[in-house]
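A.B. asks: Quick one: this structure, given as structure tokens, is what I'll be asking you about.
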Amino acid sequence: MRSIWKGAISFGLVTIPVKLYSATEQRDVSFHQVHREDGGRIKYKRVCTVDGEEVPYADIAKGYELPSGEMVILTDEDFADLPLSTSRRIDVLQFVEESEVDPIYFAKSYYLEPDAQGAKPYVLLRDALENSDQVAIVKVALRQRESLATLRVRGGVFVLETMLWPDEVRRPDFPFLDEDIEVRKQELSMASSLIDSMAGDFDPTEYKDAYREALQSVIDAKVEGREVTRPSEEAEEEPAADLLSALRASVEAAKKSRGGGGGGKAAASSSSSEKAPAKKPASRSRKTASKSGGKKEPAKSRTRKSA
């Protein structure tokens, strides 16, 4: 694992230097959008809806839309003045029973590893917290966002679980909550019996993602020889050694774009002034032409992982 943040746990007057790691990862099968005919990746452009022009990334700012439809544009200077804590500290605010924290508040889990000089105070706080059967409520600033979080122990390691703020949790507002729905005593008793009959110890390894496994099987079957397409690779342009070489390469590219014909005064002038075409650009042209012929490489010749 690679650490994504370095800071320190601030516990009273005790400071424990730590590194932060993502504790979880999604195992979804990821896809790219591609051209059905040749497998080429689909690219998108950033286009302004006002003038229709493509906008460079450097010219893109953040905008907040008002109810009237007007846009408030915020600059980097506006964000720089915000009171976001820049200190890399995990401030312990209080300790509470774990049952007091509703799991709906939890957002993302991280592991905390101590630096070499912080190992002893780390273990001390870990053992004390584990013996208390409580969790620490802390405040931390990660990725331009200040969050509440809990600090608990799992497998001998501190787990930092960032939390949503109370106003980020939606209130359930469903019509049936206002209805007077009667449940008979016998029905409740039978439902309780059903729950008891299905009760057991939770072991997450007993469950699996059947959809992901089936999807991976479909992908593996295609890799083994059915409908696997390798999109033609774009030839990488080598930097020209000098201006003359760049001009020669440009002439060759222009000829190729006209279908390879040498007709016209420009072509005649070019052919008369060039005794020998540049070897490297010519070899690249032949290589590109052979690749762009639309042929699909047999799937068995090379096994590729899904992007």
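A.B. asks: Among the listed residues Asp127, Asp167, Asp220, which satisfies the condition of being within 30 Å of the chain's Cα centre (by Cα), within 30 Å of Phe11 (Cα to Cα) and not in a strand (DSSP E or B)?
C.D. replies: Asp167
A.B. asks: Can I ask one more? Condition check: touching a residue at least 40 places away in the same chain (Cβ under 8 Å) and either within 31 Å of the chain's Cα centre (by Cα) or over 30 Å from Ala80 (Cβ atoms) (or both). Does Gln134 satisfy that?
C.D. replies: Considered against the rule, which asks whether it is touching a residue at least 40 places away in the same chain (Cβ under 8 Å) and either within 31 Å of the chain's Cα centre (by Cα) or over 30 Å from Ala80 (Cβ atoms) (or both), Gln134 comes out as no.
A.B. asks: Confirm whether Val96 is assigned to a strand (DSSP E or B) and either open to solvent by less than 50 Å² (accessible area, probe 1.4 Å) or closer than 18 Å to Ala141 by Cα (or both).
C.D. replies: Spelling it out, Val96 is indeed assigned to a strand (DSSP E or B) and either open to solvent by less than 50 Å² (accessible area, probe 1.4 Å) or closer than 18 Å to Ala141 by Cα (or both).
A.B. asks: Mind checking which residues of region 28-54 are on the phi > 0 side of the Ramachandran plot and surrounded by 10 or more Cβ atoms within 10 Å (Cβ to Cβ)?
C.D. replies: Correct list: Gly39 only.
To keep it simple, each residue is scored yes or no on (1) out of contact with any Ser or Thr (no Cβ under 7 Å at 6 or more places or on another chain); (2) β-branched (Val, Ile, Thr); (3) within 23 Å of Val96 (Cβ to Cβ); (4) open to solvent by 100 Å² or more (accessible area, probe 1.4 Å).
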{"residue": "Phe158", "(1), (2), (3), (4)": "yes, no, yes, no"}
{"residue": "Met163", "(1), (2), (3), (4)": "no, no, yes, no"}
{"residue": "Pro166", "(1), (2), (3), (4)": "yes, no, yes, no"}
{"residue": "Arg170", "(1), (2), (3), (4)": "yes, no, no, yes"}
{"residue": "Leu177", "(1), (2), (3), (4)": "yes, no, no, no"}
{"residue": "Ile181", "(1), (2), (3), (4)": "yes, yes, no, yes"}
{"residue": "Lys185", "(1), (2), (3), (4)": "yes, no, no, yes"}
{"residue": "Ser192", "(1), (2), (3), (4)": "yes, no, no, no"}
{"residue": "Ala199", "(1), (2), (3), (4)": "yes, no, no, no"}
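A.B. asks: Pull out all pairs, ordered by first then second residue, where Cβ-Cβ is under 7 Å, the residues are six or more apart or on different chains, the first lies in region 1-27 and is farther than 13 Å from Ile90 by Cα and exposed (fewer than 14 other Cβ atoms within 10 Å of the Cβ), and the second is basic (Lys, Arg) and at pLDDT below 90.
C.D. replies: So the pair list comes out as Arg27/Arg212.
A.B. asks: Kindly list the number of the only condition in (1) within 30 Å of Ile219 (Cβ to Cβ); (2) free of Cβ contacts under 8 Å to residues at least 12 places away in the same chain that fails for Cys48.
C.D. replies: Cys48 satisfies all of (1) within 30 Å of Ile219 (Cβ to Cβ); (2) free of Cβ contacts under 8 Å to residues at least 12 places away in the same chain except (1).
A.B. asks: A further question follows. If Arg89 passes every condition in (1) open to solvent by 80 Å² or more (accessible area, probe 1.4 Å); (2) without any contact (Cβ under 8 Å) to a residue 12 or more places away in the chain but one, which one does it miss?
C.D. replies: The one condition Arg89 does not meet is (2).
A.B. asks: Something else now. Among the residues of region 105-121, are any on the phi < 0 side of the Ramachandran plot, loosely packed, with under 14 Cβ neighbours inside 10 Å and modelled with pLDDT of 95 or more?
C.D. replies: Among the residues of region 105-121, not one is on the phi < 0 side of the Ramachandran plot, loosely packed, with under 14 Cβ neighbours inside 10 Å and modelled with pLDDT of 95 or more, which makes the answer no.
A.B. asks: Scan region 192-199 and give yes if some residue there is closer than 30 Å to Val92 by Cα and either without any contact (Cβ under 8 Å) to a residue 12 or more places away in the chain or outside any loop (DSSP other than H, G, I, E, B) (or both), otherwise no.
C.D. replies: There is no residue in region 192-199 that is closer than 30 Å to Val92 by Cα and either without any contact (Cβ under 8 Å) to a residue 12 or more places away in the chain or outside any loop (DSSP other than H, G, I, E, B) (or both).
A.B. asks: Please go through region 122-162 and pick out each residue that is farther than 17 Å from Lys19 by Cβ and among the small types (Gly, Ala, Ser).
C.D. replies: Result: Ala128, Ser132, Ala136, Ser147.
A.B. asks: Could you tell me which residue of region 170-200 is nearest to the chain's Cα centre (by Cα), considering only residues that are within 22 Å of Phe106 (Cβ to Cβ) and charged (D, E, K, R)?
C.D. replies: Arg170
A.B. asks: From the residues in region 39-69 that are assigned to a loop (DSSP other than H, G, I, E, B), within 26 Å of the chain's Cα centre (by Cα) and not aliphatic (A, V, I, L, M), which one is nearest to Ala210 (Cα to Cα)?
C.D. replies: Checked region 39-69; the qualifying residue nearest to Ala210 (Cα to Cα) is Gly39.
A.B. asks: Same structure, new question: Say we look at region 130-156 and pick out the residues that are farther than 17 Å from Val101 by Cα and of a type in the set (Gly, Ala, Ser); which of these is surrounded by the most Cβ atoms within 10 Å (Cβ to Cβ)?
C.D. replies: Ala141
The values are calculated or read from the model by the stated rules, or taken from the named source; none is laboratory data. Just so we're clear, the structure is a prediction, and the values are computed from it rather than from any experiment. FYI the Cβ positions are ideal-geometry reconstructions off the backbone, even for glycines, and counts take in every protein chain you see. Side chains are part of the model used for accessible areas, which takes the heavy atoms of the whole protein and leaves out ligands, DNA and RNA. Shrake-Rupley method; radii C 1.70, N 1.55, O 1.52, S 1.80 Å.
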